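Read through the structure below, which is laid out as structure tokens, and then see the notes.
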Amino acid sequence: MGLRVLAVDDEADFIETLVKRFTYRQIPVTAAASGPEALARLDAEPFDVVILDMRMPGMDGLAVLREIKKRHPLVEVIILTGHASVEAGMQGMSLGAYDYVLKPVDFGELLEKAKKAHERKQLNEARSRQA
């Protein structure tokens, strides 16, 4: 089963670019513009990796991350954060995020982290089946 990505960011231009780049590489990607929309999509269909912006109006990235880990513990999360909030990325990792990437995003780096996060999810799923 291939990598399935959910990209969550309230910046329409950014998310549109991200979707185009994943789609160009034939990686299934779905966009969500808010935390509640992302959680609804996760409840409705399976994803392997969530790329999650920290700063969103309403429900911020850390609140979304906590909820993802509660509802879908095997889904890996990569946090998007600005240079001024590296500590938010670190805090996210302490809450179970796989890794974080600084904005502006280097897509090659993000893609590599998404692939590695997918590998980790597959390993964790195999372990949970054996348990």
Practice item. Would you check which residues across segment 42-84 are surrounded by fewer than 21 Cβ atoms within 10 Å (Cβ to Cβ), among the small types (Gly, Ala, Ser) and in contact with a Lys or Arg (Cβ under 8 Å, 6 or more places away or on another chain) and list them? Key: 82
Check your understanding: Given the structure, is residue 31 among the aliphatic types (A, V, I, L, M), modelled with pLDDT of 95 or more, open to solvent by less than 10 Å² (accessible area, probe 1.4 Å) and touching an Asp or Glu at 6+ places or on another chain (Cβ under 9 Å)?
Key -> no
Practice item. Name every residue in segment 92-123 that is among the polar types (S, T, N, Q) and either surrounded by 15 or more Cβ atoms within 10 Å (Cβ to Cβ) or modelled with pLDDT of 95 or more (or both), in order of residue number. Key: 122
Exercise for review: Please tell me if residue 39 is closer than 21 Å to residue 111 by Cα and either touching a helix residue (DSSP H, G or I) at 6+ places or on another chain (Cβ under 7 Å) or crowded, with 21+ Cβ neighbours inside 10 Å (or both).
Suggested key: no
Practice item. Consider only pairs whose beta carbons are under 8 Å apart and that are at least six residues apart or on different chains; among these, list those whose first residue lies in segment 10-23 and is within 13 Å of residue 107 (Cβ to Cβ) and whose second residue is of a type outside the set (D, E, K, R) and open to solvent by 70 Å² or more (accessible area, probe 1.4 Å). Key: 22/28
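The values are calculated or read from the model by the stated rules, or taken from the named source; none is laboratory data. A quick note: this is a predicted structure, and the numbers were derived from the prediction, not measured. Don't worry about glycine lacking a Cβ; one is built from the backbone with ideal geometry, like all the others, and counts go over all protein chains shown. The protein model used for the area step is the full one, side chains on, heavy atoms only, and it has no ligands, DNA or RNA in it. Shrake-Rupley method; radii C 1.70, N 1.55, O 1.52, S 1.80 Å.
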